[in-house]
Structures are given as C-alpha cells and as structure tokens.
Amino acid sequence: MLNPKKSTLHFHNNIFYFSKRVSFHTPPSCGVRPARCAPQYLNMDLFMYVFSDSSQRKLETCCPDLIRLFNEVIKHRDCKIIYGRREKEEQDRLFKEGKSRLNYPHSSHNRYPSRGIDVAPYPIDWKDAGRFYMFVGYVQAVAEKLNIPIRCGADWDGDTRTTDQKFNDLVHFEVRE
Ligand SMILES: [Zn+2]
C-alpha cells in the first residue's frame, strides 16, 4: 500500500497531488489515489494528476490557450507532453522520418510560442489506437467547455470522420487560427 508519508503525495486545498508517477494497478483501500489507478476506483473530487517536470517544461513552450487547456485536462487524465515547440533540427528530422507532415518552419510546433502540442495518455500503448481516440474525445470536450478552438491530428478536417484522412497523428492538437 502506498504510504503518503514516504511517497510523493501532497495535500493542498483539499486535493491530493502526486508529483511523481508510481506503479500501482490495484484499487486503493486507503482512499488515496495513486497515479495510473483505474478511473473507476477514483474519487474525482479529491484527486488530481500533475505533469512531470519534463512535461511541464514542454507545456510552457506553448501558447496560453494550450497551457490553459492541458492544465485542465491533466486534472482528470494522466498524460505526457511529448512535444511543445520544436526547433528546426528536430522538425526536419521528424519530417524526414515521416512523423510530421511539414518541414520547418511550417508546423504549428514551430511557432513561438508553439500553437501545436503532442500529448499521449498514460499508460502509453502505441498499439492501442482506441485509447488515443478516447483521449482525443476528452480533450475536445474540455476545449469546448473552455471555448478554445482546436484541431486534432486524429481528425484534421474536423468532420468527426477518422477514415477520410491519409495521415493520422493521434497525439497532435493545435489551436485553430
Ligand atoms: Zn504535433
């Protein structure tokens, strides 16, 4: 069982926070929410996730709307920021590898601050596309609530069809102009 005194658990304003991820997959009998625990065991009013330092740094390279959006998403869905802003070298490398559609400086990730962000839900399983689509739906719902117009790499043209596109980028979100 997780010991709050020894773990990275913090209690602040009636919310439990975890500053680091712990491996824990069974329901907590102590009422404490461990990171990555299945949602059905959680009391959403009491527990929130937080970004790792690495994810936080990447988020800070993004525009205020993306920061606002993912600071809300992280409260209820544990996730990792893979990319915020990308410099020339990295953008061109991903373009060459076929992981990005655009070369520098044409990607939303190349803007300053970045208007594009790549985010994956934990636990990350690249073979399970369904989990990514569910996460995209959650992000879209939060964006709608916050009035932030976004475009997703799971549905570039925003027509809710996922079978009409050649390039799927399930982790990509950007703020529409
Ligand atoms: Zn992207």
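Once amide H atoms are placed 1.01 Å from N in the peptide plane, what residues at a sequence separation of 5 or more from Ile150, or on another chain, have their amide H within under 5 Å of its amide H?
Those lying under 5 Å, H to H, from Ile150 are Arg176.
Counting other beta carbons within 10 Å of each Cβ, put Lys96, Lys166 in order, fewest first.
Lys166, Lys96
With θ set to phi - 60° and the Karplus curve 6.51 cos²θ - 1.76 cosθ + 1.60, what are the ³J(HN,Hα) couplings of the stretch 88-99 in order, to the nearest whole Hz, using x for Gly and Pro?
For the stretch 88-99, the Karplus curve yields 3, 4, 5, 4, 5, 5, 5, 5, 5, 7, x, 8 Hz.
So what are the ³J(HN,Hα) numbers for the stretch 131-143, from phi and the Karplus equation (6.51, -1.76, 1.60; θ = phi - 60°), rounded to whole Hz, Gly and Pro as x?
5, 5, 5, 5, 5, 4, x, 5, 4, 4, 5, 5, 4
Can you work out the Karplus-derived ³J(HN,Hα) for every residue in the stretch 51-66? Use 6.51 cos²θ - 1.76 cosθ + 1.60 with θ = phi - 60°, whole Hz, and x for glycine or proline.
3J(HN,Hα) across the stretch 51-66, in whole Hz: 6, 5, 4, 5, 5, 4, 4, 5, 4, 5, 8, 9, 5, x, 5, 5.
Amide H of Cys79: which non-local residues (sequence gap of 5 or more, or other chain) have their own amide H closer than 5 Å, using H built in the peptide plane?
HN-HN under 5 Å from Cys79: Tyr122.
Summing Lys, Arg as +1 and Asp, Glu as -1, what charge do residues with Cβ under 15 Å from the Cβ of Pro105 carry, Pro105 excluded?
In short, +2.
Please give me the summed charge of the neighbours of His172: other residues whose Cβ is under 11 Å from its Cβ, Lys and Arg +1, Asp and Glu -1.
-1
None of the figures in this text is laboratory data; all of them are computed from the coordinates on show. Quick caveat, the model's predicted, so the values are computed rather than measured. We place every Cβ from the backbone using ideal geometry, glycine too, and count neighbours over all the protein chains shown.
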